[in-house]
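What follows is one structure encoded as C-alpha cells, with my remarks underneath.
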Amino acid sequence: MEQIQHRHVQVRGVKLHVAEIGSGPKVVLFLHGFPEIWYTWRHQMVAVANKGHRAIAIDFRGYGLSEQPAEPEKATFKDLIDDVVALLDSLSIDKAVLVGKDFGAFPAYVIPALHPQRVSGMITVGVPFMQPDASPVQFHLLPKGFYMSRLKEPGRAEADFGRFDVKTVIRNIYILFSGSELQVAADDQEIMDLVDTATPLPPWFSEEDLAAYASLYEKSGLHFPLQIPYRSRRSSEDYHLTDPKISAPSLLIMGEKDYFLKFPGVEDYLSTGAVKHFVPDLDINFIAEGTHFVQEQFPEQVNQLITSFLDKHGI
C-alpha cells in the first residue's frame, strides 16, 4: 500500500485523483463503484503491478479526492466515460485493460464499444455488459421500497443519510450490501433502518478500511454519488450504440452470493449466454461464497483470475 503513489490530473475541467503503482507499457485501469473509491482496488493494484503491469485507479469526478464538477446535478454517465478517455490521453496511454466494478462497469464496457482501439481487454466485477436502453434487468418486477428506487428520490436519501455521520453511513452500506438478498425498505422505513446497529462489519472489512473510506467520503460528501449512479440517465442516444459488440477479450467475475444476481432477469441473461451476443469473447467466473464486494472479500482469488486473464491474452 505504501508503494502506491498519488497525484491529481486535470481532465475536462476537474482534477481527478489518480493512484498508481508499477510501470511499463501494459496498463490496467481500475474503475470503482459505490460506495467504493480507488481504495477498493488496493489488493488488485499491487497484484497486477507485481506481474509487471502499470496499475492505475482513480476516484471518479465528485468522489473521494477528485474535484466536484461545477454543476453536479447535471452530471451523466457520459461524463465518466469521457473522463476516462481524456485521462488516457493525458497520461499518453494508447491502450489499457479496463476493470470496472458495480457502476464502474458501465464505462468499462461502453468505452470498448465506442473506442475499441483504446482497450486491450475488459474485466467487470459484479455487473455484466448491459446495453443502456435494453437492460436485461426487469426493473418493473422489483419490489416497492427497493433501495435503488429510494436513492433515486431527490432529498430522500439525503435525509436518510443525514441522520448519521459519514462513517456510519459507509459502515451500514457495507453491512447491508454484503448480503445475498435484495435491500427493500417497508413503507415506514428508510434504507439505513435496514441495518441493525449491533451487526458487526464483515470479517474481511476492517475498522482501518472503514476509516479509509470514511475519510475520503468526508472530503467529497455523498451528494454526487447519489447523482451518479442513481439519478443520472443511461441512454444509448448519448453514445450512438444500437447493437454494440465488444471485440476485446473480456472477463466477468461474480460472487455466487452477490445480491445483484437476484435482480429479475440477470441470472437468465448470464445462464442462457445472452450476454455473449454483445461480448463474444467472454469468460465468466463465479466465486463461491462471494458477495457484491468480492474483490475485497476474496482478494487472492480475484487477483488470480485477473492476472491469469492478463497472461492468457498477453495484455
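A few points about this structure:
- Selection status of ALA49, open to solvent by 10 Å² or more (accessible area, probe 1.4 Å) and over 14 Å from the mean Cα position of the chain (by Cα): yes
- Residue selection: LEU87 satisfies the criterion of being hydrophobic (A, V, I, L, M, F, W, C) and open to solvent by less than 10 Å² (accessible area, probe 1.4 Å).
- Output for the range 93-131, where each listed residue is closer than 14 Å to VAL28 by Cα and either of a type in the set (Lys, Arg) or free of Cβ contacts under 8 Å to residues at least 24 places away in the same chain (or both): LYS95, LYS101, ARG118
- Residue within the range 296-304 that is among the polar types (S, T, N, Q), under 23 Å from VAL97 (Cβ atoms) and within 16 Å of the chain's Cα centre (by Cα) present: yes
- Residue within the range 1-13 that is within 19 Å of VAL294 (Cβ to Cβ), open to solvent by 10 Å² or more (accessible area, probe 1.4 Å) and not aliphatic (A, V, I, L, M) present: no
- Helices (runs of 4 or more DSSP H) wholly inside the range 240-315 containing at least 2 residues that are touching a residue at least 24 places away in the same chain (Cβ under 8 Å) and open to solvent by 30 Å² or more (accessible area, probe 1.4 Å): 299-313
- Some residue of the range 117-124 being in contact with a Leu (Cβ under 7 Å, 6 or more places away or on another chain), open to solvent by 30 Å² or more (accessible area, probe 1.4 Å) and not in a strand (DSSP E or B): yes
- Count of the range 3-46 residues which are part of a strand (DSSP E or B) and touching an Asp or Glu at 6+ places or on another chain (Cβ under 6 Å): 5
- Some residue of the range 132-141 being surrounded by 15 or more Cβ atoms within 10 Å (Cβ to Cβ) and outside any loop (DSSP other than H, G, I, E, B): no
The values are calculated or read from the model by the stated rules, or taken from the named source; none is laboratory data. Just so it is clear, the model here is predicted, and its values are computed rather than measured. Please note: Cβ atoms are built from the backbone with ideal geometry, for glycine as well, and neighbour counts cover all protein chains shown. Heads up: the accessible areas ignore ligands, DNA and RNA and are worked out on the full protein's heavy atoms, side chains in. Shrake-Rupley method; radii C 1.70, N 1.55, O 1.52, S 1.80 Å.
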